[in-house]
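Q: First the structure, then my questions, so here it is.
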Amino acid sequence: MQLRELPIPDSFVLPELVEKQEEPYFEGAANPQKTHRRYEAMVALHETSLHIIAQLDTYELLDTLMERGALLLNAQASTMFLFERTTQTIHNVANYNNWCDWANITLRPGDGIIGQVILTGKPIIMNDYSPLLHISDAPLLPELTRKMGAPLRWQNQIIGGVIMTRDFQSQPFDDEDLWLLGQFADLASIAVKNAILFSQVKQCSAELEQKVDARTLDLSRAKEEIAAQAEQLRSLLAKTIHIQEEERSRIARDIHDGALQLINAVRYQIQAAELVARQDLTAAAQDKLLAARESLDEIEEELRDAIGNLRPLSLDLKGLGPTVRGYVSRFQQLCGIDCTFEISGAPMQMPLNLQACIYRIVQEALSNVTEHAQATAASVVFDYQPSMIWITVDDNGSGIDAELCSREVRPNGNHFGLLSMRERAKSLGGDMDVESTPGCGTRLRFWFPINCGESE
Ligand SMILES: Nc1ncnc2c1ncn2[C@@H]1O[C@H](COP(=O)(O)OP(=O)(O)OP(=O)(O)O)[C@@H](O)[C@H]1O
Ligand SMILES: [Mg+2]
């Protein structure tokens, strides 16, 4: 529709305002035919006003409105124009039964009947339009040459005008027609204003929607970027954990194959020295050698403890359950916290890296209990379910801060224990959950899928 392509006029003002058209004298009582016509006109006007109220999208209304206007005034054609004050131009916006294409025609105040209506702000009848035929508002002229126009007003400003056209065979327009056109123009003004407001609202909401869409896009891009960075960090951490484990194993092996073998060699050398010296050894020298042997035993024990912490060799030798049981019992002795270890369900074979991961998690969780919980009791439970293992570490201590309990545990300053436990779990397809009530202890739960086909 033509109106949609037109710019919305920002304001329509002519400095000189016109008085309202007086109601003409009707010979209603004496002329029943005219009374009937006026009655019909009032009904049609009423219907028109109802139509305007009922329509929301008034763009569609304007053409229909012009058709109603033409029927109301027994005109063959009708046209509506808007006046744009900033450019002082007049544009066609709606038509009924028009024979000429107004799309590219721009008029100015004073041009043709519509230009006169807008310039003077007064309704005009021209029952013989031929003297004005040279004017640009009648580019193609058929025999329709009776014209009548009235201004459209909004809040005392001229915003445009409507023109009704009849052919020469029809009745000339008269004062009664002019009065009716004035009434119709008042209704049409409301419709036009509605159309403009509606268009502005639509434009604003379209712009708003565009902005919301753009912002939503920005946000989702930022979210994707953050997610990608988080994923990168996660895989970096998983790699770091893996490298750390490998490094620990290497150091454990080095100590085992290097320092422990040297200790054994020193033991043999002491023994050999004793054999060589035999009776020549004084009691004092024998005491010294005994003390040297005991020191070697102590060094060996400490080194074996260090190896155990670096790489629990008993995982390879005894498996996860017995290794954790041993660790829990040492923990109990060293820390003085009553700690139990239970297994429910049928233990399953697990790959060695999963066993090492679970062992480290238990170590880290119990180390937190000693460092932070002020607990008197703790427990570790392994629950084997089909294709899953659940690990629960409980304590009856002070509980963890609510923020640290949230699912996405973030590193807090230099505190990486909870984060690294979660990342360890995630790196093997599992996850971690923290439950804690201040003053009533903490429960850490981990779960891992177990692929029964995989061997240790
Ligand atoms: N079992 C627990 N009971 C009470 N508070 C705990 C417990 N476990 C952790 N916390 C609290 O959560 C914080 C974070 O623990 P996390 O293991 O992440 O770091 P950390 O132990 O302080 O340092 P890191 O483990 O890096 O050496 C701790 O500082 C402590 O306040
Ligand atoms: Mg910790």
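Q: Quick one: in region 265-285, of everything that is more than 20 Å from Ile299 (Cα to Cα) and in contact (Cβ under 8 Å) with a residue 12 or more places away in the chain, which residue is surrounded by the most Cβ atoms within 10 Å (Cβ to Cβ)?
A: Of everything passing the filter in region 265-285, Glu274 is surrounded by the most Cβ atoms within 10 Å (Cβ to Cβ).
Q: Return the residue satisfying two criteria in turn: it lies in region 327-379 and is within 16 Å of ligand 1 (Cβ to nearest atom) and acidic (Asp, Glu), and of such residues it is nearest to Arg424 (Cα to Cα).
A: Out of the qualifying residues, it is Glu364.
Q: Still on this structure, please answer the following. So if I check each of Glu298, Glu364, Glu371, which one is free of Cβ contacts under 8 Å to residues at least 12 places away in the same chain, within 16 Å of ligand 2 (Cβ to nearest atom) and outside any strand (DSSP E or B)?
A: Testing whether each residue is free of Cβ contacts under 8 Å to residues at least 12 places away in the same chain, within 16 Å of ligand 2 (Cβ to nearest atom) and outside any strand (DSSP E or B) leaves just Glu371.
Q: Of all residues in region 331-355 being closer than 16 Å to Met388 by Cα and assigned to a helix (DSSP H, G or I), which is farthest from ligand 2 (Cβ to nearest atom)?
A: Leu352
Q: Go through Glu67, Glu84 for me and flag whichever is surrounded by fewer than 21 Cβ atoms within 10 Å (Cβ to Cβ) and within 21 Å of Ala41 (Cβ to Cβ).
A: Exactly one residue qualifies, and that residue is Glu67.
Q: Can you name the number of the only condition in (1) within 12 Å of ligand 1 (Cβ to nearest atom); (2) within 27 Å of Ile243 (Cα to Cα); (3) at pLDDT below 90 that Ala402 fails?
A: (2)
Q: If you don't mind, another one. For region 200-215, state whether one or more residues are touching a Phe, Trp or Tyr at 6+ places or on another chain (Cβ under 9 Å), in contact (Cβ under 8 Å) with a residue 40 or more places away in the chain, surrounded by 11 or more Cβ atoms within 10 Å (Cβ to Cβ) and closer than 23 Å to Met66 by Cα.
A: no
Q: Here's a follow-up. Determine which single condition Asp101 fails, assuming it passes every other condition in (1) over 27 Å from Val43 (Cα atoms); (2) of a type in the set (D, E, K, R); (3) at pLDDT 90 or above.
A: Answer for Asp101: the failing condition is (3).
Q: Can you pull out every residue in region 89-116 that is out of contact with any strand residue (DSSP E or B) (no Cβ under 6 Å at 6 or more places or on another chain) and aliphatic (A, V, I, L, M)?
A: Ala103, Ile105
Q: If you check Leu315 against the conditions, is it assigned to a helix (DSSP H, G or I) and in contact (Cβ under 8 Å) with a residue 24 or more places away in the chain?
A: Spelling it out, Leu315 is indeed assigned to a helix (DSSP H, G or I) and in contact (Cβ under 8 Å) with a residue 24 or more places away in the chain.
Q: So, Ala75, is that one part of a helix (DSSP H, G or I), modelled with pLDDT of 70 or more and either in contact with a helix residue (DSSP H, G or I) (Cβ under 7 Å, 6 or more places away or on another chain) or not basic (Lys, Arg) (or both) or not?
A: Against the criterion (part of a helix (DSSP H, G or I), modelled with pLDDT of 70 or more and either in contact with a helix residue (DSSP H, G or I) (Cβ under 7 Å, 6 or more places away or on another chain) or not basic (Lys, Arg) (or both)), Ala75 does not qualify.
The values are calculated or read from the model by the stated rules, or taken from the named source; none is laboratory data. Everything numeric here is computed off the predicted structure, so don't read it as measured data. We place every Cβ from the backbone using ideal geometry, glycine too, and count neighbours over all the protein chains shown.
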